[in-house]
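Nothing in this text is a laboratory measurement; each read-out follows from the coordinates by a stated rule. Fair warning: this is a prediction, and the values are worked out from it, not measured in the lab. Every residue, glycine among them, receives a Cβ derived from its backbone with ideal geometry; neighbour counts consider all protein chains shown.
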Amino acid sequence: MVEGSAPGVNLSQVAHIVSSYVRHHQLGPDQLVGLILAVHRALASLGLGPPEEKVPQPAVPIRRSVQRDYVVCLECGFRAQALRRHLRVQHGLEVTAYRTRWNLPSDHLMTAPAYSARRSAIAKQIGFGRRRAPVEPPPPPKRRRRRRPAPEN
């Protein structure tokens with residue numbers, strides 16, 4: 001049944017596992033071949049290391065991912081002014097996981113430089129980041145002297 005059996009796979013083990021499974025479960029004749037192949041593959045893969053993960057390829061070169069007006073997601077090529085929300089919603093990644101996945105430095109920008117500058121200018125215009133001018137407490141109210149009644153003569 002299994003042509004070109006993998007070395008180290010005992011076909012009697014495959015037959016024993018399949019017969020035990022069929023004995024306890026109802027199975028159609030068309031599903032039997034798939035079961036035999038699945039068991040054979042499982043036994044052949046025992047002892048092998050986990051499959052090698054493919055090294056991810058970025059959608060754009062890392063050097064070109066940060067432009068003045070936008071930043072580009074390395075996962076999908078999406079252009080945005082800020083990537084934080086896009087990464088969380090579309091890819092289920094936090095910024096640290098994204099940087100780790102693509103071997104980016106911790107100071108790699110997640111917001112466009114022009115957008116950051118514009119937000120900074122607005123904040124400075126409003127007055128954020130400055131200490132408040134010291135407010136002097138109001139002077140204490142003057143005590144009024146009570147007038148003494150004039151002496152009666």
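A simple spin-label model places the labels of ARG63 and GLU94 3.2 nm from each other, with each point 7 Å out along Cα-to-Cβ.
Mind pulling the angle between the C-alpha long axis of helix 11-24 and the longest principal axis of the chain? Nearest 10 degrees, somewhere in 0 to 90. It works out to around 70 degrees. The separation of the stretch 108-148 from the stretch 74-103, counted between C-alpha centres, amounts to 36 Å.
As a rough guide to protection, the peptides 53-62, 142-151 ranked by mean Cβ packing within 10 Å, highest first, stand as 53-62, 142-151. The orientation-averaged projection of the convex hull spanning the C-alpha atoms of the stretch 62-126 amounts to 4.6 square nanometres. Measuring from a point 7 Å past the Cα of PHE128 along Cα-to-C-beta, which residues in the stretch 97-113 have an amide N at less than 17 Å? Backbone N within reach: 110-113. Farthest toward the positive end of the dipole of the chain, out of GLY34, PRO61, PRO139, is the Cα of PRO139, where the dipole comes from beta carbon charges about the Cα centre. Which label belongs to the value computed from this structure, given these candidates for Cα extents along the principal axes in Å: (1) 50, 35, 26; (2) 45, 32, 27; (3) 136, 49, 28? Only one option fits the structure, namely (3). Seen against the Cα atoms of the chain and their longest principal axis, helix 29-45 is set at about 70 degrees.
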